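Peer 1: Got a structure for you, written out below as structure tokens; questions coming shortly.
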Amino acid sequence: MGKEKISVTLDEAQTEQLTEMVGNQYENRSEAVRDLIEKGMCYDELETERDALRQRRDRRDQRIDDLEDILEYVRRERERETSRAQQRRMLRDASVIQRLKWKLLGMPTTPAGSTSTRRPGTSGSK
């Protein structure tokens, strides 16, 4: 691969940094400039890859949020079904007088021993 000579103008601070690099990391300024240009080109590729990874992460996070919402919905539905099953058992096991009392005053919506009741004609769900 052939090399082409070019001229680059740097400000004083850049020249000082480049000179410091020559003694520490590079044999001469040309080598330092070539390496820095190569790193700059790789940096652009890495930025592009980083952006793509961030997009993938954001899509994954959105899917996780969606799944958490679905999980919460399933939990609420299970709780509602458990409550409905408990009420069905209570109705099945209750005496006729107890059923009549619940019809007039409302059926408890919490486990036995609690005083909370639901008014007649209202639903136990939101």
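The values are calculated or read from the model by the stated rules, or taken from the named source; none is laboratory data. None of these values were measured; they are calculated from a predicted model. Here Cβ is always computed from backbone atoms with ideal geometry, including for glycine, and neighbour counts include all displayed protein chains.
Peer 1: With D51, D61, D44 as the choices, which residue is more than 30 Å from Q17 (Cβ to Cβ) and acidic (D, E)? I'd like the intermediate steps shown before the answer.
Peer 2: Working: D51 fails: more than 30 Å from Q17 (Cβ to Cβ); D44 fails: more than 30 Å from Q17 (Cβ to Cβ).
Being more than 30 Å from Q17 (Cβ to Cβ) and acidic (D, E) holds for just one of D51, D61, D44, which is D61.
Peer 1: List pairs: first in region 1-27 and more than 15 Å from I37 (Cβ to Cβ), second surrounded by 11 or more Cβ atoms within 10 Å (Cβ to Cβ) and not acidic (D, E), Cβ under 7 Å, 6+ apart or cross-chain?
Peer 2: Matching pairs, first to second residue: V22/R29; V22/A32.
Peer 1: Across region 95-126, what is the number of residues that are modelled with pLDDT of 90 or more and either in contact with a Gly (Cβ under 6 Å, 6 or more places away or on another chain) or not in a helix (DSSP H, G or I) (or both)?
Peer 2: 1
Peer 1: May I ask you to verify whether Y43 is assigned to a loop (DSSP other than H, G, I, E, B) and surrounded by 10 or more Cβ atoms within 10 Å (Cβ to Cβ)? I'd like the intermediate steps shown before the answer.
Peer 2: On the way: assigned to a loop (DSSP other than H, G, I, E, B): no; surrounded by 10 or more Cβ atoms within 10 Å (Cβ to Cβ): yes.
In short, no.
Peer 1: Sticking with this structure for a sec: Using the structure shown, decide if E31 is assigned to a helix (DSSP H, G or I), surrounded by 10 or more Cβ atoms within 10 Å (Cβ to Cβ) and at negative phi.
Peer 2: Answer is yes for this residue.
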